[in-house]
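One structure below.
The values are calculated or read from the model by the stated rules, or taken from the named source; none is laboratory data. The structure presented is a predicted model; accordingly, all values stated were derived computationally and were not measured. As a convention, Cβ positions derive from the backbone with ideal geometry for all residues, glycine included, and neighbour counts pool all protein chains shown.
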């Protein structure tokens with residue numbers, strides 16, 4: 001089995017002993033934290049092609065409605081808290097909100113649970129997700145795949161590593177992919193990418209690797225279908241087919257271009273003293289044109305799905321699309337420059353052995369966003385442009401009006417971060433060790449919004465600055481974990497860590513006059529766990545109980561005479577108590593298992609200021625956190641019989657509240673199971689065939705749910721699909 005909670009992941013035939021980041025001083029078996037690793041082999045076995053596909057197989061994760069409420073951009077909720085800005089690539093922040101649609105250049109995905117600012121920087125309240133890139137390595141290997149399947153699926157990949165036998169290796173990695181979205185009428189996904197890498201000095205004390213990634217996506221985005229959870233409706237509206245597209249298929253588009261250049265320099269001064277320095281330049285450009293499902297809905301029985309009352313001024317069984325963004329254009333550009341240098345040392349002070357990592361990191365990020373509308377006349381006016389009432393069950397999804405883009409908003413942001421950190425594992429003897437870490441960082445960012453002309457003939461022109469806000473904070477985060485090893489193949493640990501979240505935690509996030517000067521929020525995580533390898537170290541078992549608590553977060557302080565400026569205050573409190581169980585490895589040499597279960601008991605402790613609570617009460621206190629299922633589980637198992645490999649997987653997502661706001665319906669979603677199966681046959685040592693069937697029983701389910709008092713939508717899960725892939729290894 002190649003996906004583990006512990007340290008028996010296999011990559012290129014070797015056992016992965018620790019997380020990819022040099023900040024982790026010990027093997028995962030002895031790291032006092034829940035970390036799950038999914039490698040490229042497991043992604044291939046399950047045909048998991050994008051980050052969302054991978055995370056969908058791991059419990060404790062849900063997906064929001066995307067940036068701006070739309071169905072685009074990775075919007076992730078981890079252990080009850082948003083993790084949109086808590087994605088790293090090779091251990092450094094990748095905070096742009098875009099759709100990470102393909103895993104062709106990933107060696108592994110690492111899910112690190114619990115407050116984690118000390119490792120990944122500001123934020124990381126519920127944890128973070130680290131993407132491990134493929135790079136050139138020693139040894140010759142060549143792998144090519146060709147796949148075809150239902151819904152016009154077509155895919156080719158090539159991954160060749162050339163060992164030039166003089167310490168130099170070159171790796172060429174490429175992908176082309178096209179498909180329609182299973183279970184949907186109109187959506188499609190087209191993309192291609194390539195990722196060359198060259199390494200010098202392999203096998204020596206001094207090494208340098210230079211890698212580049214380019215990927216282009218051309219997709220049709222979706223908001224999904226009209227959806228409402230309340231006393232009058234339970235999910236998608238009656239008469240709505242989950243295959244129906246409610247945007248405009250001739251104008252809706254999502255285009256993404258990612259360029260990433262990474263250099264890594266490593267020097268081994270001795271077996272006990274090593275230096276590693278990473279530098280990166282990255283640019284992400286994303287263009288979207290989408291149409292929301294907002295407006296008013298009238299069911300076939302002439303009632304509103306949100307009030308249960310008769311419709312007013314609208315025929316039964318119709319959708320009035322007026323009132324929501326139509327032809328909304330968002331054109332974004334993110335630029336990131338990173339530098340991170342780590343020094344690793346192993347030494348003794350008296351009888352205590354130290355495994356120490358000290359480092360510094362610098363990053364500079366810039367963000368630009370232009371928003372506008374495409375459905376305008378040539379002079380920028382909207383005169384005569386109407387959105388007629390449509391059939392609820394069969395909307396007309398072709399735009400026949402004028403298409404002229406005009407800008408209506410412009411925002412720029414910047415974020416600079418400088419950090420120094422140190423990690424040390426103190427080994428007292430064979431049974432006891434203490435894991436310590438601390439990080440100090442200076443985080444400084446600003447957001448500028450611009451005034452845009454609305455005069456006919458000059459619509460879209462920038463006329464000046466309408467607002468500029470700045471946030472600057474010094475942050476200190478830390479963690480400590482005591483590890484006891486009763487035997488060599490087991491560990492028991494107790495850990496405590498915090499996270500710090502400033503008002504400007506990401507370059508595309510904005511603060512304002514009410515939030516920019518508020519002190520950083522604080523969250524803490526305490527975890528008690530056990531990791532144990534059994535069956536001759538073939539199978540790894542893990543169990544942990546934890547509390548992830550936001551000790552304070554920003555809330556409005558309304559009508560407080562002692563706070564005339566209206567600045568928000570750090571009186572909000574919430575917590576998640578949980579249990580995480582895992583089993584991964586081989587039960588027998590032929591039978592592998594990867595199973596996880598997560599229980600999350602969440603609660604909003606206080607959602608308003610102390611002043612508001614004392615005068616008006618707290619309508620949300622005691623409610624569960626939104627997007628936080630109490631129960632979730634996943635399973636993937638394979639069995640080898642001669643040249644045949646049989647695989648089966650299932651994911652369970654328990655019910656949760658998509659919205660816990662006072663004005664919104666407080667109603668849970670439906671729980672669901674999704675099953676998948678795989679059959680592989682190895683024709684010979686070079687050629688193999690693999691058949692994957694996803695959503696085996698064609699379950700109807702919904703993700704990225706937006707449930708408001710007056711409107712809502714959700715994205716249907718992908719329907720049943722089948723893919724046959726041929727793999728050629730040389």
Can you say whether residue 179 is under 25 Å from the mean Cα position of the chain (by Cα), closer than 30 Å to residue 670 by Cα, at pLDDT 95 or above and buried (at least 21 other Cβ atoms within 10 Å of the Cβ), as far as the supplied structure shows?
yes
Checking residue 494 against (1) at pLDDT below 95; (2) farther than 15 Å from residue 439 by Cβ, the condition it does not meet
(1)
Only one of 504, 485 is in contact (Cβ under 8 Å) with a residue 60 or more places away in the chain, surrounded by fewer than 22 Cβ atoms within 10 Å (Cβ to Cβ) and either over 21 Å from residue 598 (Cβ atoms) or touching a helix residue (DSSP H, G or I) at 6+ places or on another chain (Cβ under 9 Å) (or both). Can you tell me which?
485
Selected residue (only one of 570, 645, 635 is within 22 Å of residue 540 (Cα to Cα), part of a strand (DSSP E or B) and over 25 Å from the mean Cα position of the chain (by Cα))
645
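The rows are residues; the columns are (1) closer than 17 Å to residue 358 by Cα; (2) in contact with a strand residue (DSSP E or B) (Cβ under 7 Å, 6 or more places away or on another chain); (3) in a strand (DSSP E or B); (4) free of Cβ contacts under 8 Å to residues at least 40 places away in the same chain.
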| position | (1), (2), (3), (4) |
| --- | --- |
| 416 | no, yes, yes, no |
| 420 | yes, yes, yes, no |
| 438 | yes, yes, yes, no |
| 445 | no, yes, yes, no |
| 448 | no, yes, yes, yes |
| 460 | no, yes, no, no |
| 469 | no, yes, yes, no |
| 479 | yes, yes, yes, no |
Could you say which residue among 717, 647 is within 13 Å of residue 46 (Cβ to Cβ), touching a residue at least 24 places away in the same chain (Cβ under 8 Å) and crowded, with 16+ Cβ neighbours inside 10 Å?
647
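Filter the stretch 679-694 down to residues that are surrounded by fewer than 21 Cβ atoms within 10 Å (Cβ to Cβ) and either closer than 18 Å to residue 46 by Cβ or without any contact (Cβ under 8 Å) to a residue 12 or more places away in the chain (or both), then give me how many there are.
Here is the first cut: in the stretch 679-694, the ones surrounded by fewer than 21 Cβ atoms within 10 Å (Cβ to Cβ) are 679-689, 691, 693.
With either closer than 18 Å to residue 46 by Cβ or without any contact (Cβ under 8 Å) to a residue 12 or more places away in the chain (or both) added as a condition, the list becomes 679-682, 684, 688-689, 691, 693.
Total meeting the criteria: 9.
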Counting only strands (runs of 3 or more DSSP E) wholly inside the stretch 142-236, the ones holding at least 3 residues that are within 30 Å of residue 710 (Cα to Cα) and touching a strand residue (DSSP E or B) at 6+ places or on another chain (Cβ under 6 Å) are 225-229
Within the stretch 310-346, track down each residue that is in contact with a strand residue (DSSP E or B) (Cβ under 7 Å, 6 or more places away or on another chain) and without any contact (Cβ under 8 Å) to a residue 24 or more places away in the chain.
310, 311, 316
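Residues are listed down the side, and each one gets a yes or a no for (1) more than 30 Å from residue 591 (Cβ to Cβ); (2) more than 23 Å from the chain's Cα centre (by Cα); (3) buried (at least 24 other Cβ atoms within 10 Å of the Cβ):
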position: 500; (1), (2), (3): yes, no, yes
position: 510; (1), (2), (3): yes, no, no
position: 513; (1), (2), (3): yes, yes, no
position: 516; (1), (2), (3): yes, yes, no
position: 521; (1), (2), (3): yes, no, no
position: 525; (1), (2), (3): yes, no, yes
position: 533; (1), (2), (3): no, yes, no
position: 544; (1), (2), (3): no, no, no
position: 548; (1), (2), (3): yes, no, yes
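On the phi < 0 side of the Ramachandran plot, at pLDDT below 90 and surrounded by 21 or more Cβ atoms within 10 Å (Cβ to Cβ): does that describe residue 71?
Details: on the phi < 0 side of the Ramachandran plot: yes; at pLDDT below 90: yes; surrounded by 21 or more Cβ atoms within 10 Å (Cβ to Cβ): yes.
Yes, satisfied.
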Taking residue 79 as the residue in question, decide whether it is in contact with a helix residue (DSSP H, G or I) (Cβ under 6 Å, 6 or more places away or on another chain) and buried (at least 22 other Cβ atoms within 10 Å of the Cβ).
no
Matching residues in the stretch 109-146 - criterion: being buried (at least 24 other Cβ atoms within 10 Å of the Cβ) and more than 22 Å from residue 278 (Cα to Cα)
113, 114, 115, 125, 126, 127
Kindly list the number of the only condition in (1) part of a strand (DSSP E or B); (2) over 30 Å from residue 370 (Cα atoms); (3) under 33 Å from the mean Cα position of the chain (by Cα) that fails for residue 269.
(3)
Note on residue 465: of the conditions (1) loosely packed, with under 15 Cβ neighbours inside 10 Å; (2) closer than 18 Å to residue 528 by Cβ, unmet is (2)
Residues being at pLDDT below 85, under 20 Å from residue 636 (Cα atoms) and not in a loop (DSSP other than H, G, I, E, B) - total across the stretch 7-38
5
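Okay, residues lined up against (1) within 27 Å of residue 617 (Cα to Cα); (2) modelled with pLDDT under 95:
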{"position": "474", "(1), (2)": "no, no"}
{"position": "481", "(1), (2)": "no, no"}
{"position": "505", "(1), (2)": "no, yes"}
{"position": "520", "(1), (2)": "yes, no"}
{"position": "529", "(1), (2)": "no, no"}
{"position": "541", "(1), (2)": "no, yes"}
{"position": "552", "(1), (2)": "yes, no"}
{"position": "562", "(1), (2)": "yes, yes"}
{"position": "566", "(1), (2)": "yes, yes"}
